[in-house]
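Student: Can you keep this structure in mind? I'll have questions shortly.
Every number here is computed from the coordinates shown, using simple stated rules; none is lab data. Small disclaimer: the values here were computed from a predicted structure and weren't measured. Note: ideal-geometry Cβ built from the backbone for every residue, glycine included; neighbour counts use all protein chains shown.
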Amino acid sequence: MKKPAWTFLLVALFCSPSFAQQPNKVATFARNALVGRSEEILAATVEMPADKFGFRPSPEEMTFGQLTLHVADGNYIYCSRIGGVSEPQRATLSDTDPKEKLVERLKASFDFCTAAFAKLDDSSMSETLIFGPTKTPRSMAILTLSGTWTDHFSIQTTYLQAVGRIPPTPKK
């Protein structure tokens with residue numbers, strides 16, 4: 001079975017000498033991943049024309065608007081549990097709401113993650129978190145969320161290319 005590219009990047013990151021000397025390695029990784037992935041995902045969302053938020057590459061796939069709300073909702077769920085904070089109350093949105101509202105919700109979800117991760121430290125990384133029927137250590141929830149962000153940006157890139165747009169290039 002082929003492993004996703006991000007798996008190898010995580011192994012390389014965790015094994016690098018500079019990373020080994022940092023305190024709170026997993027918490028630092030979580031905050032750094034959040035910064036990079038949020039920039040990419042937000043840039044891709046802004047790049048999609050407003051009239052294409054209803055686009056889906058095939059009938060089985062989400063529309064771009066549905067994908068945007070899916071990412072935002074996932075951020076609230078995962079970041080609240082990882083950070084040990086409550087999810088904020090939010091107005092109900094639909095994937096057919098105006099682009100500005102969907103971008104605002106997505107940005108607010110990443111801002112929430114930033115606040116939720118602010119006090120993370122490695123002392124609680126083995127604590128078990130519950131996501132429905134699934135129980136997982138906090139550290140694994142972080143890796144899952146980070147990988148999911150990478151997957152969602154990849155999906156956004158595919159959608160953008162399908163509608164003739166050039167996806168934003170991740171900053172290095």
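Student: Relative to the longest principal axis of the chain, what angle (0 to 90°, nearest 10) does the C-alpha long axis of helix 99-117 take?
Tutor: Computed tilt is about 0 degrees.
Student: Between Asn24 and Glu104, what FRET efficiency follows from the Cβ-Cβ distance if R0 is 45 Å, with the result rounded to 0.05?
Tutor: That gives a FRET efficiency of 0.90.
Student: Work out how much length Asp73 to Thr114 would gain on full extension: take 0.36 nm times their residue separation and subtract the Cα-Cα distance, in nm to one decimal.
Tutor: In short, 13.3 nm is gained.
Student: Can you grab the distance from the C-alpha centre of region 74-138 to the C-alpha centre of region 27-46, Å, no decimals?
Tutor: With region 74-138 and region 27-46 each reduced to a Cα centre, they are spaced 13 Å.
Student: For the pair Asn32/Glu61, report the inter-label distance in nm, with labels modelled 7 Å from Cα in the Cβ direction.
Tutor: 3.1 nm
Student: Moving on. Please get the size of the charge dipole for the chain, origin at its Cα centre, with Cβ charges of +1 on Lys and Arg and -1 on Asp and Glu, quoted in debye to the nearest 20.
Tutor: Using Cβ point charges on Lys, Arg, Asp and Glu, the chain gives about 380 debye.
Student: Still on this model: Going by the alpha-carbon gyration tensor, a ≥ b ≥ c the square roots of its eigenvalues, is the chain rounded (a/c under 1.5) or, if a/c is not under 1.5, prolate (a/b greater than b/c) versus oblate?
Tutor: Prolate shape, in that a/c is at least 1.5 and a/b is the bigger ratio.
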